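The values are calculated or read from the model by the stated rules, or taken from the named source; none is laboratory data. Source: prediction; values computed, not measured. Ideal geometry is used to build each Cβ from the backbone, glycine not excepted, and the neighbour counts take in all protein chains shown. Keep in mind that these areas ignore ligands, DNA and RNA; they rest on the heavy atoms of the full protein, side chains included. Shrake-Rupley method; radii C 1.70, N 1.55, O 1.52, S 1.80 Å.
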Amino acid sequence: MTQEVFRIVRGMDLKSIETQLALQCAPLITGIKISNLLIVPKEMEPLVRALLRKTGISCYRLLDTREKMTFLLFRREQLAVYLDTPGSQEVLRRQGYRKFSLGGILAVFQSRYQAYKKGEESFPHEMGVLLGYPIEDVTGFIENKGKNYLYSGYWKVYGNVQEKIRLFEGFQEAKERLIRLLDSGFSMEWIIQKYNKNELRQAVV
């Protein structure tokens, strides 16, 4: 993060749902990723759902604790297509999945993720698939038990390092762009709609 953007963030309301969406979900909002996790205080759930309504971004609650809510935010059609690829299907089968509709996958993963957070089950490695990570990195992580990775950024990389570094740089640029847009007075709803229409993808802020 550049010093300029860091200074902007320090002056922002970190309790704002718009700020948290920019910090946690910029790759999804800008269209370079199909899904992101969003973790926010529990009382923010109505704000999250209201803001995302009619944006084309779906919101699925994964975990509800006393203080925090964890959501999977995703573009439904894109995630469904990715989950239907041979590589994704193979990972899911190896993790014990038998139903492969989007709703069925999400329901099983939600149950496993909650059990993991309670200490009842091991980490559900299929999370990488649901987050749209490259299959080579998901399988590499599983086979190597999280070790022997070639690079670590937004996830642990097991192949095509330079390509992933460029991808991670794009994620960071997306975050900085959204922060600048919010700081310029644009609402997150407006930003999402503009990206949906491809009206901001090539813009320089």
query = Mind checking which residues of region 141-156 are open to solvent by less than 60 Å² (accessible area, probe 1.4 Å), out of contact with any Phe, Trp or Tyr (no Cβ under 6 Å at 6 or more places or on another chain) and not in a helix (DSSP H, G or I)?
reply = 146
ask   = If you scan region 64-80, which residues turn out to be closer than 12 Å to residue 130 by Cα and either of a type in the set (S, T, N, Q) or open to solvent by 90 Å² or more (accessible area, probe 1.4 Å) (or both)?
value = 76, 78
key: Neighbours by Cβ (under 7 Å, 6+ apart or cross-chain): first from region 13-41, closer than 16 Å to residue 172 by Cβ; second open to solvent by 30 Å² or more (accessible area, probe 1.4 Å) and modelled with pLDDT under 95   = 31/201
ask   = Restricting attention to region 157-171, does a residue exist that is of a type in the set (A, V, I, L, M), within 19 Å of residue 79 (Cα to Cα) and open to solvent by 50 Å² or more (accessible area, probe 1.4 Å)?
value = yes
task = Would you be able to tell me the number of residues in region 38-54 that are touching a helix residue (DSSP H, G or I) at 6+ places or on another chain (Cβ under 8 Å) and either in a loop (DSSP other than H, G, I, E, B) or open to solvent by 40 Å² or more (accessible area, probe 1.4 Å) (or both)?
result = 2
ask   = Can you tell me which residue in region 93-107 is least open to solvent (accessible area, probe 1.4 Å), limited to those that are under 22 Å from the mean Cα position of the chain (by Cα) and closer than 16 Å to residue 121 by Cβ?
value = 97
key: Residue within region 119-140 that is open to solvent by less than 40 Å² (accessible area, probe 1.4 Å), assigned to a strand (DSSP E or B), of a type outside the set (Ser, Thr, Tyr) and in contact (Cβ under 8 Å) with a residue 12 or more places away in the chain present   = no
message = Taking the conditions exactly as written (open to solvent by 30 Å² or more (accessible area, probe 1.4 Å) and over 16 Å from residue 21 (Cα atoms)), does residue 175 satisfy them or not?
response = no
query = Restricting the search to region 57-76, which residues are more than 15 Å from the chain's Cα centre (by Cα) and outside any strand (DSSP E or B)?
reply = 65, 66, 67
inquiry  = Restricting to region 175-188, name every residue that is part of a helix (DSSP H, G or I) and either in contact with a Leu (Cβ under 7 Å, 6 or more places away or on another chain) or closer than 15 Å to residue 199 by Cβ (or both).
reply    = 175, 177, 178, 181, 188
inquiry  = Here's a check for you: in region 17-33, which residue that is open to solvent by 30 Å² or more (accessible area, probe 1.4 Å) and either more than 17 Å from the chain's Cα centre (by Cα) or of a type outside the set (S, T, N, Q) (or both) is nearest to residue 199 (Cα to Cα)?
reply    = 31
remark   = Of the residues in region 114-149, those that are over 15 Å from the mean Cα position of the chain (by Cα) and of a type in the set (Ser, Thr, Tyr) come to 116, 122, 139, 149
inquiry  = Any residue in region 144-165 that is over 17 Å from residue 125 (Cβ atoms) sitting within a Cβ distance under 8 Å of a residue that is open to solvent by 100 Å² or more (accessible area, probe 1.4 Å) and aliphatic (A, V, I, L, M)? List the pairs, counting only those 6 or more apart or interchain.
reply    = 161/150
